[in-house]
Amino acid sequence: MSPSKDDFIVEIGPGEGALTRPLLSRTGKIEVIELDRDLAAKLADEKIVVHQGDALEFDFGQFPRGMRIVGNLPYNISTPLLFHVAAAHEHIDDLHVMLQ
């Protein structure tokens, strides 16, 4: 992926931040979408913009063009989530996900 300081990174389902923290060391800022309220509250700081909610209902079109999406997608929503994200394809530069 090779993220840089100028990239607009969106992470789907950061959980406890295992992927988020290493990305921050390269980018300096990241936006995340987390369903779990407790996990979302633990992640929020000046470098992490947390959107607490369901990624399947999230409007990815609100983000600027050129966003880069990352995530470790849960098996039970992988297919519908990929189709949902694809609806905002004109805003996405690339997508790097792990499918369980």
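Any read-out appearing in this document is the output of simple, stated calculations on the displayed coordinates, not a laboratory observation. Bear in mind the structure is a predicted one, so any value in this text is a computation, not a measurement. Here the Cβ positions follow ideal geometry from the backbone for every residue, glycine too, while neighbour counts run over all protein chains shown.
Within the range 8-99, antiparallel bridges make up roughly 5 percent of the DSSP beta bridges whose residues both belong there. Under the combined filter of DSSP loop state and at most 15 neighbouring Cβ atoms within 10 Å, the range 47-88 retains none of its chymotrypsin sites (Phe, Trp or Tyr not before Pro). Loop exposure criterion: trypsin sites (Lys or Arg not before Pro), DSSP state outside H, G, I, E and B, at most 16 other Cβ atoms within 10 Å. Applied to the chain, the longest stretch between such sites is 66-100.
Under the 0.36 nm per residue contour assumption, what length would be gained going from the current alpha-carbon distance of residue 98 and residue 86 to full extension?
Length gained, residue 98 through residue 86: 2.7 nm.
For the Cα trace of the range 1-76, dividing Rg by the Kirkwood Rh returns an Rg/Rh value of 0.93.
When the GluC sites (Glu not before Pro) in the range 1-89 are filtered for DSSP coil states and for at most 15 other beta-carbon atoms within 10 Å of their beta-carbon, the remaining sites are 16, 46, 57.
Given axes a ≥ b ≥ c from the Cα gyration tensor, I'd like to know whether the range 28-68 is rounded (a/c under 1.5), prolate (a/b larger than b/c) or oblate. Verdict is oblate for the range 28-68.
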